[in-house]
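The values are calculated or read from the model by the stated rules, or taken from the named source; none is laboratory data. Here the structure is a predicted model, which is why all the values come from computation and not from measurement. Note that we place each Cβ from the backbone using ideal geometry, even for glycine, and neighbour counts take in every protein chain shown.
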Amino acid sequence: MSDLPRPSAADFGRLIRVSTPAGEREVDIYSEEGYAVLSHLWTRSNWQHRLSYEIPWLGIPIIQLPEDMVAMQELIWKVRPDVIVESGVAHGGALVLYASLLELIGRGRVIGVDIEIRKYNRLAIEAHPLSHRIRLIEGDSLADETVQEVRSHIRPRDRVLVALDSNHTREHVLGELERYASLVTPGSYCVVFDGVMALVADAPSAGTAWGEDNPLEAVGEFLDAHDDFEIDRSFERLAVTYCPGGFLRRREVD
């Protein structure tokens, strides 16, 4: 055990100094504004330090923030979909998260789409105890044949939820929204990941064009043309998220 003294509240104080267009001022960390400021700073800092890469779900790396994992479990339990379509498989942790929740619900399956599913990631997913709820489709998510294959695994009465987490350029995300959002059942959701790119465009590890070329830009353009979808901010209430503006609810049919 370390002999170093534990820091107390007095060591840090409750006021932080922030810079605004009107100049610098102090904010109380216990105020609502203070919470918003700290959440904003923490989201940016933890992205730079790759916090989301530290966490597995049931043994498989997931590459999601804990807060977003909690939000997704709440959403899936609320919607209780028969099918979850996810573009962007990576290691497969999100597929396993979604499959584990469907296992608790007692029905449903996950369709994972990726342009390349690497050998050892595929082996780990297929060997997982929840693999019976997962179907993998390797192919370009924007290709007609890939979209058609996804559609072939959805039955007419299935309740469908979509998660988009592959290539995060504006053009690609917009293309996926145009192709997959139509699969979403009224009252269900299309979740667009990594809108945080716009927030961390000034980070040392950020891409040079992230301020303009990001999923948030695609979401804005998509919503301008599709009034049957709306942003549900309730799933951002933990404040720390990589999906700002990304929980898109399809309106119920009147």
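Results, tabulated for the structure shown:
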read-out	value
Failed condition for residue 129, given (1) under 21 Å from the mean Cα position of the chain (by Cα); (2) surrounded by fewer than 18 Cβ atoms within 10 Å (Cβ to Cβ); (3) in a loop (DSSP other than H, G, I, E, B)	(1)
Every residue from segment 63-96 that is among the hydrophobic types (A, V, I, L, M, F, W, C) and within 22 Å of residue 207 (Cα to Cα)	63, 65, 89, 90
Unique residue being farther than 12 Å from residue 242 by Cα and surrounded by 14 or more Cβ atoms within 10 Å (Cβ to Cβ) when the list is 47, 57	57
Residues of segment 210-237 satisfying the condition of being out of contact with any Lys or Arg (no Cβ under 9 Å at 6 or more places or on another chain) and within 24 Å of residue 69 (Cβ to Cβ)	210, 219, 233, 234, 235, 236, 237
Residue, farthest from residue 91 (Cα to Cα), within segment 132-163, restricted to residues that are of a type in the set (Ser, Thr, Tyr) and surrounded by 13 or more Cβ atoms within 10 Å (Cβ to Cβ)	146
Lone unmet requirement of (1) modelled with pLDDT of 95 or more; (2) farther than 26 Å from residue 247 by Cα; (3) not acidic (Asp, Glu) for residue 95	(2)
